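Below you'll find the structure, written out as structure tokens, and then a few comments.
The values are calculated or read from the model by the stated rules, or taken from the named source; none is laboratory data. This structure is a prediction, so every number in the text was calculated from the model and none was measured. Because the Cβ atoms are built from the backbone with ideal geometry, glycine has one as well, and the counts that use them run over all protein chains shown. Just the protein is used for accessible areas: all its heavy atoms, side chains included, with ligands, DNA and RNA removed. Shrake-Rupley method; radii C 1.70, N 1.55, O 1.52, S 1.80 Å.
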Amino acid sequence: LKVLLENTPAQIRVLTKGAGVEDSFDLMEEYSDRVIVSLSTGIPENKAEFAEAVEPNAAPIEERYRIIQEAHDTGLRTYGMLCPCLPGMADSKTALREMIGKVKKAGAEDIWVEPVNARGRSMHNTADALAKIGKIREAKMMLDVTSADLWSEYTLKLCQNAIEVAEEKGVLDKLHILLYPSNLRREDEEVLREYGD
């Protein structure tokens, strides 16, 4: 980060799940016009045990929310990265209200939402981690969305919930949804197209 900021004119977007990012806040403040920072927080605080299970080497979810708020409070530019929004844990309106509310409070310039992406064994590994802590229903939901039809259904609902909550919170203009449209059923894609941009 120091080399990039001191030796290039690059705009830097920092994204992490680690608490160590706080150690760079002083440097980021020196270049605050060129740096924007976030901590990936795709799980609501009231489901912290899920984050601990599926992201064992990441900072605890409540600490990530605290750090992004601290970044904002020290004058740094921030954005929200709610990803991935796991099915049954982070895709409901209630979960999205909490997560969007927290990053909005932390001054998020943009809010990114993303459904789970079936890369390699990621969804199976997540399901295994959830099953190990006794979250069998949630583990099953992860495995269910490995089916293309159920993934598309879950993704459509996540998008609709995110749009509705962002509108409620007055941040619809900041909402971005990272999507893999080739995996959407045609009928679900058509529903999403009705929202326009």
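In segment 160-172, how many residues are open to solvent by less than 10 Å² (accessible area, probe 1.4 Å) and at positive phi?
Counting residues in segment 160-172 that are open to solvent by less than 10 Å² (accessible area, probe 1.4 Å) and at positive phi gives 0.
Quick one: would you say Leu4 is free of Cβ contacts under 8 Å to residues at least 40 places away in the same chain and farther than 20 Å from Ala139 by Cα?
yes
Taking segment 124-159 as the region of interest, how many residues are under 19 Å from Glu194 (Cβ atoms) and surrounded by fewer than 16 Cβ atoms within 10 Å (Cβ to Cβ)?
Looking only at that region, the number is 0.
Looking at (1) within 20 Å of Tyr195 (Cβ to Cβ); (2) at pLDDT 95 or above; (3) touching a Gly at 6+ places or on another chain (Cβ under 8 Å), which one does Val165 not meet, given that it meets all the others?
Just one mismatch for Val165, condition (3).
Residue pairs, Cβ under 7 Å, 6 or more apart or interchain, first in segment 75-103 and open to solvent by 10 Å² or more (accessible area, probe 1.4 Å), second acidic (Asp, Glu) and not in a helix (DSSP H, G or I). List them.
Once the first residue is open to solvent by 10 Å² or more (accessible area, probe 1.4 Å) and sits in segment 75-103, its partners that are acidic (Asp, Glu) and not in a helix (DSSP H, G or I) give Arg77/Glu109; Cys83/Glu114; Pro84/Glu114.
Here's a check for you: in segment 104-119, which residue that is open to solvent by 20 Å² or more (accessible area, probe 1.4 Å) and under 15 Å from Trp151 (Cβ atoms) is modelled with the highest pLDDT?
The extreme case among them is Glu114.
Looking at segment 173-188 only, could you name the residues that are in a helix (DSSP H, G or I) and either touching an Asp or Glu at 6+ places or on another chain (Cβ under 9 Å) or buried (at least 17 other Cβ atoms within 10 Å of the Cβ) (or both)? Show your work before the answer.
From segment 173-188, those in a helix (DSSP H, G or I) are 173-174, 181-183, 186-188; that's our starting set.
Those that are in a helix (DSSP H, G or I) and either touching an Asp or Glu at 6+ places or on another chain (Cβ under 9 Å) or buried (at least 17 other Cβ atoms within 10 Å of the Cβ) (or both): Lys174, Pro181, Asp188.
Mind checking whether some residue in segment 14-25 is within 30 Å of Val145 (Cβ to Cβ), free of Cβ contacts under 8 Å to residues at least 60 places away in the same chain and hydroxyl-bearing (Ser, Thr, Tyr)?
yes
Name the residue that is surrounded by the fewest Cβ atoms within 10 Å (Cβ to Cβ), counting only residues in segment 52-65 that are touching a Lys or Arg at 6+ places or on another chain (Cβ under 7 Å) and within 15 Å of Val103 (Cα to Cα).
Taking the candidates together, the pick is Tyr65.
Out of everything in segment 27-51 that is touching a helix residue (DSSP H, G or I) at 6+ places or on another chain (Cβ under 8 Å) and charged (D, E, K, R), what residue ends up being surrounded by the most Cβ atoms within 10 Å (Cβ to Cβ)?
So, considering only residues that are touching a helix residue (DSSP H, G or I) at 6+ places or on another chain (Cβ under 8 Å) and charged (D, E, K, R), the one surrounded by the most Cβ atoms within 10 Å (Cβ to Cβ) is Lys47.
Within segment 38-55, does at least one residue satisfy the condition of being among the basic types (Lys, Arg) and in contact (Cβ under 8 Å) with a residue 40 or more places away in the chain?
Quick first cut of segment 38-55, residues among the basic types (Lys, Arg) only: 47.
Among the residues that remain, those that are also in contact (Cβ under 8 Å) with a residue 40 or more places away in the chain are: 47.
Yes, some residue in segment 38-55 is among the basic types (Lys, Arg) and in contact (Cβ under 8 Å) with a residue 40 or more places away in the chain.
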